[in-house]
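Input: a single structure, listed below in structure tokens.
The values are calculated or read from the model by the stated rules, or taken from the named source; none is laboratory data. Given the structure is predicted, the values throughout are model-derived calculations rather than measurements. Here the Cβ positions follow ideal geometry from the backbone for every residue, glycine too, while neighbour counts run over all protein chains shown. Protein only, heavy atoms only, side chains kept; ligands, DNA and RNA dropped before computing areas. Shrake-Rupley method; radii C 1.70, N 1.55, O 1.52, S 1.80 Å.
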Amino acid sequence: MVIGLVLIVYSGSMYIQSGEVAQTIPLEIAGDTEGTVELTPDMSPVRVILNTEFISRTKSEAVRFYSYTIDIKDDQNNEVLSQSGALTLRRESKDIPANELSRTQRRIHSIDAFSIPRKSTYHWETGLLNRQARVSSAHLEIRRNVQTELPMSLWLGLGLLIGGIFLGFFITKRGEE
């Protein structure tokens, strides 16, 4: 089971971090930010990643730290990417770290991957809304030549994890008889 879990985490990390950074775009920590980025077909596929650092302002059990929106359009105003989301957590009071209100936390949101059909200047707009956290740093990362298919090692890790769970259940069940 442990090997399966390690494979899942490693494969997922390598999938998100595949390719190379084409551009890093700093964002306003609260409110809207917009700009342009030059993208070419030789960069395809491209993945957009949102990186944030924040400090919690609450020790609630149900938390909505912040929400975000990201829109990218080509030079003819055609929508290429549009996504919104939030960092939300549900936990039990015993799982809340004692130092949560003073510790900086980091999150990586893999937004989406898409192909670049032609060289163009793409217009992007983002919005960050602090809710129960104070975002201290945020930036978009445009990664070029990324993987778009999940790696085989992820599926192998998932199989090992599920197999380990079933094996553990079977051994425990047999021990009771």
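Worth a mention:
- The fraction of accessible area contributed by carbon and sulfur in the chain is 54 percent, rounded to a whole number (1.4 Å probe; ligands and nucleic acids excluded).
- The solvent-accessible area of S136, taken with every protein chain present and a 1.4 Å probe, is close to 50 Å².
- The residues packed around D75, meaning those with a beta-carbon under 15 Å from its beta-carbon, carry a net charge of -3 if Lys and Arg are +1 and Asp and Glu are -1.
- Heavy-atom accessible area with a 1.4 Å probe sorts V63, V2, largest first, into V2, V63.
- A value for mean projected area of the Cα convex hull in nm² was derived from the coordinates, and within the list (1) 11.9; (2) 12.8; (3) 11.0 it appears as (2).
- Within a Gaussian network of the chain (alpha carbon springs, distance under 10 Å), most fluctuating of Q23, Q132, Q76: Q76
- The stretch 19-148 - charge dipole about Cα centre, Lys and Arg +1 at Cβ, Asp and Glu -1, debye rounded to 20: 660
- Available extension along the chain between I171 and L81 is 27.6 nm, counting 0.36 nm per residue and deducting the alpha carbon span.
- Comparing mean-square fluctuations of S82, S93, S137 from a GNM of the chain with C-alpha springs under 10 Å, the top value falls on S93.
- The chain: most fluctuating residue of I165, I55, I70 per GNM, C-alpha cutoff 10 Å: I165
- Note on Y68: accessible area is roughly 20 Å² with a 1.4 Å probe, heavy atoms of protein only.
- Loop-resident GluC sites (Glu not before Pro) (DSSP state other than H, G, I, E or B) in the stretch 12-90 with no more than 14 further Cβ atoms inside 10 Å of their Cβ: E28, E61.
- Relative contact order [Cα under 8 Å, 6+ residues apart], the chain, whole percent: 44
- Solvent exposure of the stretch 64-139 amounts to 57 Å² per residue of accessible area, where only protein heavy atoms count and the probe is 1.4 Å.
- Largest accessible area first, the residues L158, L167, L128 order themselves as L167, L158, L128 under a 1.4 Å probe with ligands, DNA and RNA left out.
- By accessible area with a 1.4 Å probe, ligands and nucleic acids excluded, highest first: order of V37, V80: V80, V37
- Summing Lys and Arg as +1 and Asp and Glu as -1 over all other residues whose Cβ lies under 11 Å from the Cβ of H139 gives a net charge of -3.
- Computed accessible area, K119, all protein chains, 1.4 angstrom probe, square angstrom: 140
- When the helices of the chain are scored as -39500 (n - 2.57) per DSSP H run of n ≥ 4 and the total is divided over every residue, the value at 222 nm lands at -8000 deg cm²/dmol.
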